[in-house]
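The values are calculated or read from the model by the stated rules, or taken from the named source; none is laboratory data. Bear in mind that the values here come from a model prediction, so they are computed numbers and not experimental data. No Cβ is skipped: glycine too gets one built from the backbone with ideal geometry, and neighbour counts run over all protein chains shown. All accessible areas refer to the heavy atoms of the entire protein, side chains included, with ligands and DNA or RNA removed. Shrake-Rupley method; radii C 1.70, N 1.55, O 1.52, S 1.80 Å.
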Amino acid sequence: MMKDPQPSVDQKVRCDACPVACWIRPGMSGACDRYANRDGELIRVDPHVILERTLDQGGRVVPFNQRKSEWAGEIVPEDALFVTAIGAGTTYPDYKPAPFIVSAEVDGVDMVTVVTEGIFSYCGVKVKVDTDRFLGPEQATVRAQGEAVGHVTTGEYGSQMLSLGGVHHLTGGSKKEGRVTCDTLLELSNGKPVELTIDDGSTIVVEAGKAPIINGVPEERMRVGCGSATIGIFAKQWFGKVDEVVVVDDHITGVLSEHASGKVLGIQPTGIKMRGRRSTPGRYFQVADPGTGWGGTSISDPLSILDPFDKSVAKPGMTMFMVSTTGEHSAFFRLDENLVPVEAEMPEALRASTERIKENCEPALSTVLFIAGAGGSLRAGVTENPVRLTRSVKDTLTRVTCGGAPVYVWPGGGITFMVDVTRLPANAFGYVPTPALVAPIEFTLKLEDYAALGGHMDHVRPLGSLGDHESRLVPPVQGNVWPFASDGPRWGRS
Ligand code: SF4
C-alpha cells in the first residue's frame with residue numbers, strides 16, 4: 001500500500017503511521033520493519049491480505065512468503081472476498097479515515113468493511129496452559145529474558161492461566177521491560193514459541209496450539225477430571241477388582257470407599273486414613289504441596305499422603321490402587337500382616353483402567369488469546385462520532401473481526417475484544433517501538449448503517465478498486481465463520 005509521505009529530506013521519507021515518525025532512507029525500512037522507502041515512496045512492506053472463500057480450503061492460511069495468488073481486480077463474487085486489515089496499514093493520528101473503507105454487495109445488500117492495523121498500547125495475551133503441574137503461585141511474576149511481562153492468574157479446570165502484557169508492563173516500567181514485553185506479545189501472537197520463567201515456579205515454553213514444555217518436559221495430557229470426578233467416572237469399572245482406589249490430585253484427591261459413588265456401589269470401608277483436609281466424604285484438599293509430581297502435587301511416593309490404616313477396619317491382604325488424574329502415575333499395593341501397603345504387580349484389569357484414564361485425557365495444549373481495546377482514536381478512523389461505533393457494535397449492527405477471525409467483544413464500555421491467535425493468517429501482528437502491538441481490526445456493517453453512524457462516506461471505495469495495489473488472496477482459516485455470514489449481526493439478510 002502506498003501512503004502520502006511527508007516532504008523528503010535527501011530522498012528520505014517520513015513515515016506518519018505512528019508517533020515514532022521515522023525518517024526512512026531509500027531502500028531502507030522504518031523501526032518496525034512495516035514501512036519502507038521504495039524509490040522515494042513510503043510503502044507498507046507486507047502485501048494487503050484479502051480472504052477469498054473459493055480458494056482451496058484444505059489447510060491453514062498460507063504464510064505471506066508463500067504467495068498463493070495475487071489479485072488484479074478481476075471479477076470475483078463480492079461476497080467471496082473479505083478485505084482484512086492485515087497489511088492495510090495504520091492511519092495516525094486517527095482523525096484521518098481508516099486506510100481502507102471498502103464497499104461490497106452481499107446477498108443484495110450494500111455492505112462496508114472498515115479496516116485498519118490498530119496500534120494497541122492497551123493489549124496483552126491470556127495464555128491457557130493445559131496442565132495440572134505447578135507453574136507458580138497465583139499472582140507470581142512471569143518473566144521473559146529476565147524482565148517482568150505478566151503474572152500467574154486464576155487457574156481453570158485442568159489448566160493454569162497466565163496474563164501477559166498490558167499497559168503497565170508495556171509502558172509503565174523500564175524501557176527494557178517494555179521492549180521485552182512487546183517482543184513476547186508479538187512472538188506469542190504470531191504463533192512463535194516463547195520461554196517464560198515464573199518466580200518461585202517453573203520454566204515453560206509456550207506456543208499457541210502446541211503442547212506446553214514444562215521444565216524441559218513436553219506436557220502430554222490434561223487431567224480427565226479432578227480426583228473426585230475421576231472416582232465418579234470410573235467407580236463402576238473398579239468395583240470388584242480392588243478394595244480401595246485413591247486418585248491423587250492437587251485439587252481434590254478422591255478415595256473410592258468413602259466417596260458417594262463408592263457408597264452407592266456398596267464398597268466397604270477399608271480403614272484408609274488420608275492426610276490433607278477432608279472436604280466432603282471421599283474428597284480431600286491439600287494432601288501435598290503443589291508441584292510437578294503425581295497429579296500436580298509435589299509427591300513422587302504416593303504413600304506419603306497416607307497415614308497408617310485403621311487397625312480396627314483394615315485387613316491384611318486388602319488391595320489398593322493409586323493413580324493420578326492423567327494416568328501418568330499409577331501403582332498397586334497389598335497390605336501386609338502389619339497393615340503396611342507393599343507395592344505389588346499391577347493386575348491386568350487395573351492396567352487397562354489406567355490406559356482408559358489416559359485415553360480420556362485430552363491432549364495438552366497452550367492457547368493464546370490476544371486481548372485489546374479499540375480506543376477512542378482508532379474508532380475515529382471509522383466515524384466522526386466514535387461512540388456511535390461502540391453502540392453499533394453493542395447493538396450487533398457491526399461485526400468486529402481481527403484479520404477475518406471472529407472475536408469475542410466484552411460487554412460493558414468500549415470495544416475490548418479477544419481473539420484466538422491461531423484463527424488468524426500467519427504473521428498478522430506487528431509492533432511499533434513506542435512500544436505497542438499492531439493488530440488488524442475490521443468493522444463490517446451495512447452501508448446505510450455506516451452512513452447513519454457518521455462514517456467517512458466520501459472515502460468508501462468499491463472492492464474492485466483495490467486491484468491496483470499490492471494484495472494477496474489467501475483462503476480463510478478453516479472453521480472460521482465467514483465475516484459476511486448473516487448469523488450474529490442484525491443485518492436483515494437472509
Ligand atoms: S515505527 Fe514503523 S509505523 Fe512508526 S513511524 Fe517508524 S516505520 Fe512508521
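Considering only segment 355-376, state which residues are open to solvent by 70 Å² or more (accessible area, probe 1.4 Å) and in a helix (DSSP H, G or I). Selection gives E355, R356, E359. May I ask you to verify whether A439 is under 24 Å from the mean Cα position of the chain (by Cα) and assigned to a loop (DSSP other than H, G, I, E, B)? So A439 fails the test. If you go through segment 133-154 and pick out every residue that is assigned to a strand (DSSP E or B) and open to solvent by less than 50 Å² (accessible area, probe 1.4 Å), you end up with 9. Whether a residue is open to solvent by 50 Å² or more (accessible area, probe 1.4 Å) and among the small types (G, A, S) was assessed, and A352 passes this test. Across segment 73-115, the qualifying residues are those that are within 23 Å of T181 (Cβ to Cβ) and hydroxyl-bearing (S, T, Y), and the one among them that is modelled with the highest pLDDT is T90.
Within segment 401-420, being open to solvent by 10 Å² or more (accessible area, probe 1.4 Å) and over 21 Å from H168 (Cα atoms) holds for P406, V407, Y408, V409, P411, G412, D420. All of (1) away from the ligand (no atom under 16 Å from the Cβ); (2) at pLDDT 90 or above hold for E70 with one exception: (2). Does any residue of segment 269-285 turn out to be out of contact with any Lys or Arg (no Cβ under 7 Å at 6 or more places or on another chain), part of a helix (DSSP H, G or I) and at pLDDT 95 or above? Checking segment 269-285: not a single residue is out of contact with any Lys or Arg (no Cβ under 7 Å at 6 or more places or on another chain), part of a helix (DSSP H, G or I) and at pLDDT 95 or above. Criterion applied to P26, P7 was being over 28 Å from G467 (Cβ atoms) and modelled with pLDDT under 95, and the one residue passing it is P7. When Y35 is tested against (1) within 32 Å of the chain's Cα centre (by Cα); (2) within 12 Å of the ligand (Cβ to nearest atom); (3) surrounded by fewer than 22 Cβ atoms within 10 Å (Cβ to Cβ); (4) at pLDDT 85 or above, only condition (3) is not met.
Taking first residues from segment 436-463 that are free of Cβ contacts under 8 Å to residues at least 24 places away in the same chain and farther than 30 Å from V180 by Cα and partners that are among the acidic types (D, E) and open to solvent by less than 10 Å² (accessible area, probe 1.4 Å), no Cβ contact under 6 Å between residues at least 6 apart in sequence or on separate chains turns up. Could you count how many residues in segment 155-179 are buried (at least 16 other Cβ atoms within 10 Å of the Cβ) and closer than 22 Å to E138 by Cα? Residues that pass the stated criteria total 14. What do you reckon, is S298 open to solvent by 50 Å² or more (accessible area, probe 1.4 Å), hydroxyl-bearing (S, T, Y), modelled with pLDDT under 95 and over 30 Å from C402 (Cα atoms)? Yes, satisfied. Taken together, the residues in segment 244-264 that are without any contact (Cβ under 8 Å) to a residue 60 or more places away in the chain and open to solvent by less than 10 Å² (accessible area, probe 1.4 Å) amount to 7.
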